[in-house]
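This report refers to the structure that appears directly beneath it.
The values are calculated or read from the model by the stated rules, or taken from the named source; none is laboratory data. These figures come from a predicted structure and were not determined experimentally. For neighbour counting, all protein chains shown are included, and Cβ atoms are generated from backbone atoms with ideal geometry for every residue, glycine included. Note: accessible area is taken over every heavy atom of the protein model, side chains too, but ligands, DNA and RNA are not part of it. Shrake-Rupley method; radii C 1.70, N 1.55, O 1.52, S 1.80 Å.
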Amino acid sequence: MRLSQLREQVLQANLELVRNHLVLHTFGNASGISREDGLVVIKPSGVPYEEMKPEHMVITDLNGTIVEGGLRPSSDLPTHLVLYRAFTKIGAVAHTHSEYASAWAQARKPIPCLGTTHADYFYGEVPVTSAMSATEIAGEYEKNTGEAIVRAFEGKDYTAIPAVLVANHGPFTWGPNTGMAAHNAVILESVARMAYFTLTVNAKADAITRELHDRHYLRKHGSKAYYGQPKRSE
């Protein structure tokens, strides 16, 4: 993929977050990576979404060195870079402060799988990171945020649960491409909202059974998936 294409896709992913009311003002960011080139394209910091164009996207290497672009990259770039280095199968990352997912993050509670909508997209509860220490906050804060996310996935499959809640902060999602990273951010907010209302209606609501969870997740993502249309051979 040409970097010009990736710039356009990253812009569209950022605008998708806006269209779905997951960000306010200049909050939030999305990025994409060209694994072939070892380069990351990310939203610029503090630029209003309605003013952004593909050429405003900033290109950096995996060390955060700007390769192309005249604007400062998102302040969350170091978090994205940690995720790209640790989660080698992802192609894009999205970060929002969406209301319901952020509420779960602020409560430092993982989102339990209470129904089939959650099960369709996340193969388990959406985890929450541990709270960051004063030293982590005072140091390389954004980089340490990424490290906290990676620790939260020890023993978990980041491809099967493409989302996390950063304690007292907000959600990050990812996917194989920019479209899916943004899509997962939209689904996560919906799941967070439904979980909130479910537990409001019944504080003792049980998590979905393993059998039903497996059925819904695997029919879309398993080796014998049958949801949707088969891919056509070229």
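What is the range 28-146 by shape, rounded, prolate or oblate, if you read a ≥ b ≥ c off the alpha carbon gyration tensor as root eigenvalues and call it rounded for a/c under 1.5, prolate for a/b larger than b/c, and oblate otherwise?
Note, shape of the range 28-146 comes out prolate.
Distant-in-sequence amide contacts of R72, defined by a placed amide H-H separation under 5 Å and a gap of 5 or more residues or a different chain, comprise S45. With R₀ fixed at 30 Å, the C-beta to C-beta distance from S133 to H25 puts the FRET efficiency at about 0.55. Keeping all protein chains in position, work out how much accessible area D214 exposes to a 1.4 Å probe, and write it in Å² to the nearest 10. Per-residue accessible area (D214): approximately 40 Å².
Please name whichever of Y217, H25, L165 sits farthest to the positive end of the charge dipole of the chain, dipole taken about the Cα centre and charges placed at Cβ: Lys and Arg +1, Asp and Glu -1. With unit charges placed on the Cβ atoms, the residue in question is Y217. Restriction of the trypsin sites (Lys or Arg not before Pro) in the range 200-230 to DSSP coil positions whose beta-carbon has at most 13 other beta-carbons within 10 angstrom yields K204, K224. Its Cα gyration tensor gives the chain an equivalent ellipsoid, and the semi-axes of that ellipsoid, as √(5λ) in whole Å with the largest first, are 28, 22, 16.
Mean separation of Cα pairs under 8 Å and 6+ residues apart, divided by the residue count of the range 82-144: what relative contact order is that in percent?
25 percent
Could you give the distance between the Cα centres of the range 194-228 and the range 41-114, to the whole Å? Spelled out, the Cα-based centre of one part sits 28 Å from the other. Among the trypsin sites (Lys or Arg not before Pro) within the range 70-113, those in coil by DSSP and having at most 15 neighbouring Cβ atoms inside 10 Å are K89, R108.
For the range 123-211, relative contact order (Cα pairs under 8 Å, six or more residues apart, normalised by length) works out to 24 percent.
Once the Cβ-Cβ distance between K220 and R85 is put in as r, and R0 is 25 Å, what FRET efficiency do you end up with, to the nearest 0.05? Given R0 = 25 Å and the Cβ-Cβ separation, E is 0.35. Taking each DSSP H run with n ≥ 4 as -39500 (n - 2.57) and averaging over every residue of the chain yields -12500 deg cm²/dmol at 222 nm. Rounded to the nearest 10 square angstrom, H216 shows an accessible area of 30 square angstrom against a 1.4 Å probe. Relative to the Cα centre, the charge distribution of the chain, modelled as +1 at Lys and Arg Cβ and -1 at Asp and Glu Cβ, gives a dipole magnitude of about 640 debye.
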